[in-house]
Structures are given as structure tokens and as C-alpha cells.
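J.: Quick one: the structure is below, questions incoming.
The values are calculated or read from the model by the stated rules, or taken from the named source; none is laboratory data. The model shown is predicted, which means the values in this text are computed figures rather than measured ones. Every residue, glycine among them, receives a Cβ derived from its backbone with ideal geometry; neighbour counts consider all protein chains shown. Keep in mind that these areas ignore ligands, DNA and RNA; they rest on the heavy atoms of the full protein, side chains included. Shrake-Rupley method; radii C 1.70, N 1.55, O 1.52, S 1.80 Å.
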Amino acid sequence: MTSQQDESAARDAVRRFLAGVCAVLPLLALVVVAAAMGPRLGPRLASHWSGAAAPDGFAATWGSFWTFAAITAVLTAVAIVCVALTHRRAWSRTWAAIAGVLSGTTATAWIVTAWATAAAAEPSEARLGGRMAILVLAVAGGAAVFLLLPPRPAPIGAAATAPRLPLAPEDRVSWTGVMSSGVLVAAGAVGGCVFLIALAAAIAMPSTATVIGAVVLLAATASVLLLAPVRLTVDQRGIRLASVLLRVPLIRVALDRIDTVVVDTIEPGQWGGWGYRVSGAGLAYVARRGPGIVVTRRGGNAVAITIDHPEQPAAVANALVAQRSRATG
């Protein structure tokens with residue numbers, strides 16, 4: 001093993017250790033808060049609010065604590081196991097973050113109710129106020145676990161190639177192409193029709209349920225239309241993938257961050273599934289199983305994009321990367 005590999009392995013070990021520390025923090029916070037607030041808590045704890053100012057549900061203080069602590073401990077153990085497996089399993093990075101978010105949410109739920117109860121003269125007078133805002137910390141903790149864990153190497157097949165155009169220093173070249181997915185287009189069309197029906201129902205019979213249903217269907221339809229069709233552009237700025245219909249950028253990789261671009265068969269299962277995916281393997285736009293490009297980035301996760309005839313954009317991207325490397329010495 002070279003010195004550079006030793007340094008990389010040491011950095012990855014430190015990142016896994018820090019991710020493990022973040023995974024343990026919710027359980028530690030739960031225990032510390034219980035010890036600190038315990039003297040101010042009676043046998044009963046306000047445990048449920050239905051949107052009103054006063055609580056409408058109560059629980060035994062320490063019975064609920066041990067229940068929440070047990071669930072948090074199990075989720076913490078799952079997160080730690082996933083952290084330990086990140087160097088061998090592509091899925092473990094994502095599941096470590098999910099377990100971290102769930103453990104943080106569970107611990108925070110008891111902390112919020114205990115905090116509200118301890119601040120009131122009686123459990124029936126407990127008020128949540130703005131305390132629910134600390135649930136953001138649970139999501140932040142899961143995100144920290146994901147970001148701290150070292151990314152997995154890109155799942156590139158043995159038959160992958162890295163074509164490159166011959167390009168002189170003064171040459172300029174770019175490539176752009178539009179791609180789509182029949183499945184996504186059909187799903188968007190169906191979703192749009194269902195949304196129109198839900199919108200008509202919400203107008204004819206306005207209620208919270210019909211309005212929420214229409215909003216959810218609109219969001220679902222927009223998310224599908226965001227992914228079909230899309231435009232891939234390769235030029236001196238790098239690689240960009242954007243929605244054609246909504247003009248929203250989906251993926252951007254600056255030219256100076258690109259290591260190489262290979263042509264490979266994209267397996268959805270290796271990149272987290274179909275659609276716009278974020279997984280331990282990296283970022284991916286997967287419209288189907290089949291040909292595509294895999295962009296390996298300096299100091300970051302890989303990027304996979306399914307596209308017909310990927311040899312052309314890959315060759316242009318590699319030529320531009322080589323040209324820039326020669327220009328910068």
C-alpha cells in the first residue's frame with residue numbers, strides 16, 4: 001500500500017469514527033436530558049397535542065422514557081452497524097443516515113414532551129410552543145452521518161471504457177442531447193389527469209382533505225415531469241443535466257472536478273433505484289437499465305446518467321478534461 005493510500009485509509013477511518021459519534025449523540029442526549037430534568041418531572045408526562053394549546057394525552061414519565069430509550073438504542077445500534085459496513089456495502093451509508101434520523105426523531109420526541117412538562121406547573125398546562133423546532137436537529141444529525149461517511153467507489157463494470165476525442169489546445173467542442181423515459185412521461189401524464197380531477201373536487205367540495213390531496217398530487221406530478229425529458233450538456237464548463245420542461249438544473253459537475261468519464265451499463269440496483277437517486281454509490285439519474293456515463297469526481301462521489309449512445313458525451317468530456325489538464329500544467 002502506497003503512502004497516499006495509507007493517508008486515504010486513515011482519513012476514511014476518521015470519517016467513520018466521527019459518523020459513529022454523530023449516530024450515538026441522540027441516545028446520549030436523551031439520557032442527559034432525562035437526568036437533568038428528572039427532578040422536575042412528576043409521575044405523569046404530557047405526551048400528545050392535537051393542534052390545541054393544551055395537551056390531550058398523558059403517559060407515565062419513566063415508563064415512556066424507557067420505551068423511547070429502548071427504541072433509540074436499537075436504532076443507534078443499527079446506525080453503528082451500518083457505519084461499520086460502509087467500506088463493504090453500498091447501501092450501508094444511506095441506511096446509516098436513515099437510522100440516524102429515526103433515532104434522533106425518537107429521542108427528540110421524548111425530550112420535547114419532557115421539556116414542555118418540566119416547564120409547566122402541571123402536565124395539563126404544558127405547552128409545546130416552539131420546542132418542536134429542535135426536530136430539525138434530528139434531520140441534521142442524519143445528514144451529518146451521511147456526509148461524514150466516506151463514499152463508496154463507483155460501481156464501474158470491467159467492460160467500461162473511457163473514450164476520448166483527439167483535441168488540440170485551440171479546439172473548442174461541446175455536446176448536447178435530450179433524453180426521455182416513456183415510463184416517466186406516462187406517469188406524468190396520468191398524474192396530471194388525476195391532479196385535474198382532484199383540483200375539480202377541491203373546488204366543488206372544498207375541505208382540508210381535498211385541498212391537501214390536490215397539492216400532494218401536484219407535487220408528485222411536478223416531480224415526475226422534472227425528470228422527463230432532460231437535457232445533458234457537455235462543454236468547457238463541465239457536465240450539466242437539466243429538466244427540459246421545468247428548466248430546473250438536476251446535476252452539475254464542473255470540469256475541474258472531473259477525473260474521468262466512462263461508458264458503462266447502469267444497473268439501477270447499484271445506484272439506489274430508478275429516477276433521481278442519492279445513495280452510497282453517488283448521485284444518479286436512472287431512467288432505465290442500460291447504457292450511460294459514470295463521472296468519477298475528484299474528492300467526491302461519482303455521478304451516473306443513463307443515456308443512449310453515451311460514447312459521444314463521454315469522449316467529449318474526457319477530451320475537455322485532458323485539454324484543461326495540459327493547459328494548467
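J.: Could you say which residue among Thr108, Thr113, Thr61 is in contact with a helix residue (DSSP H, G or I) (Cβ under 7 Å, 6 or more places away or on another chain) and open to solvent by less than 70 Å² (accessible area, probe 1.4 Å)? Lay out the reasoning, then the answer.
T.: Numbers: Thr113 fails: in contact with a helix residue (DSSP H, G or I) (Cβ under 7 Å, 6 or more places away or on another chain); Thr61 fails: in contact with a helix residue (DSSP H, G or I) (Cβ under 7 Å, 6 or more places away or on another chain).
Sole residue among the options that is in contact with a helix residue (DSSP H, G or I) (Cβ under 7 Å, 6 or more places away or on another chain) and open to solvent by less than 70 Å² (accessible area, probe 1.4 Å): Thr108.
J.: How many residues does the stretch 87-105 contain that are surrounded by 23 or more Cβ atoms within 10 Å (Cβ to Cβ) and in contact with a Pro (Cβ under 8 Å, 6 or more places away or on another chain)?
T.: Qualifying residue count for the region: 4.
J.: Scan the stretch 37-59 and report the pairs whose first residue is under 12 Å from Arg127 (Cα atoms) and hydroxyl-bearing (Ser, Thr, Tyr) and whose second residue is open to solvent by 40 Å² or more (accessible area, probe 1.4 Å) and outside any helix (DSSP H, G or I), with Cβ atoms within less than 8 Å and a gap of 6+ or a chain change.
T.: Ser47/Phe58; Ser50/Asp56
J.: Only one residue in Ala281, Ala327 is of a type in the set (A, V, I, L, M) and buried (at least 20 other Cβ atoms within 10 Å of the Cβ), so which one is that?
T.: Criteria check complete, one pass: Ala281.
J.: Name the strands (runs of 3 or more DSSP E) wholly inside the stretch 250-319 in which the number of residues that are of a type in the set (Lys, Arg) is 1 or more.
T.: Here the list reads 275-279, 290-297.
J.: Scanning the stretch 221-249 for residues that are hydrophobic (A, V, I, L, M, F, W, C) and part of a strand (DSSP E or B), which turns out nearest to Leu184 (Cα to Cα)?
T.: For the stretch 221-249, the residue satisfying everything is Val230.
J.: Another question, if that's okay. Give all pairs with beta carbons closer than 8 Å in which a residue from the stretch 168-181 that is on the phi > 0 side of the Ramachandran plot meets a residue that is open to solvent by 60 Å² or more (accessible area, probe 1.4 Å) and at pLDDT below 95; count only pairs at least 6 apart in sequence or on separate chains.
T.: Listed by first residue and then by second, the contacts come to nothing, as the list is empty.
J.: Here is a follow-up. Which of the residues spanning the stretch 284-301 are crowded, with 19+ Cβ neighbours inside 10 Å, within 19 Å of Val230 (Cα to Cα) and not aromatic (Phe, Trp, Tyr)?
T.: Result: Ala284, Val286, Ala287, Gly292, Ile293, Val294, Val295.
J.: Could you list, in sequence order, the residues of the stretch 89-122 that are at pLDDT below 90 and not small (Gly, Ala, Ser)?
T.: Result: Arg89, Trp91, Arg93, Thr94, Trp95.
J.: Moving to a separate point now. Anything in the stretch 172-203 that is aliphatic (A, V, I, L, M), assigned to a helix (DSSP H, G or I) and open to solvent by less than 80 Å² (accessible area, probe 1.4 Å)? List them, or say none. Spell out how you get there, then give the answer.
T.: The initial filter retains those residues of the stretch 172-203 that are aliphatic (A, V, I, L, M), namely 173, 178-179, 183-187, 189-190, 194, 196-203.
From what is left, the residues that are assigned to a helix (DSSP H, G or I) are 183-187, 189-190, 194, 196-203.
Hits for the stretch 172-203 are Leu184, Val185, Ala186, Ala187, Ala189, Val194, Ala198, Leu199, Ala200, Ala201, Ala202.
J.: On to the next question. Out of the stretch 195-234, which residues are hydrophobic (A, V, I, L, M, F, W, C) and in contact (Cβ under 8 Å) with a residue 24 or more places away in the chain?
T.: Start the filter on the stretch 195-234 by keeping residues that are hydrophobic (A, V, I, L, M, F, W, C), which leaves 195-205, 209, 211-212, 214-220, 222, 224-228, 230, 232, 234.
Phe195, Leu217, Ala220, Ala222, Val224, Leu225, Leu226, Leu227, Ala228, Val230, Leu232, Val234, listed by residue number.
J.: Here's a follow-up. I'd like the full set of residues that are over 17 Å from Asp12 (Cα atoms) and in a loop (DSSP other than H, G, I, E, B), limited to the stretch 139-160.
T.: The answer is Pro155, Ile156, Gly157, Ala158, Ala159, Ala160.
J.: Which pairs have Cβ atoms under 9 Å, sit 6 or more apart or on different chains, and link a residue in the stretch 98-122 that is without any contact (Cβ under 8 Å) to a residue 60 or more places away in the chain to one that is among the polar types (S, T, N, Q) and crowded, with 24+ Cβ neighbours inside 10 Å?
T.: These pairs meet every condition: Leu102/Thr72.
J.: Collect the residues in the stretch 209-264 that are at positive phi and open to solvent by 20 Å² or more (accessible area, probe 1.4 Å), keeping them in residue-number order. If you could, list the steps in order and put the result at the bottom.
T.: Here is the first cut: in the stretch 209-264, the residues at positive phi are 238, 247.
Arg247 - this is the single residue of the stretch 209-264 that is at positive phi and open to solvent by 20 Å² or more (accessible area, probe 1.4 Å).
J.: Here are Pro169, Pro151: which of them is within 30 Å of Glu311 (Cα to Cα), out of contact with any Leu (no Cβ under 7 Å at 6 or more places or on another chain) and surrounded by fewer than 19 Cβ atoms within 10 Å (Cβ to Cβ)? Please lay out each step first, then the result.
T.: Numbers: Pro151 fails: surrounded by fewer than 19 Cβ atoms within 10 Å (Cβ to Cβ).
When all the criteria are applied, what remains is Pro169.
J.: Name the residue, out of Val286, Val278, that is closer than 30 Å to Glu7 by Cβ, in contact with a helix residue (DSSP H, G or I) (Cβ under 9 Å, 6 or more places away or on another chain) and aliphatic (A, V, I, L, M).
T.: Val278
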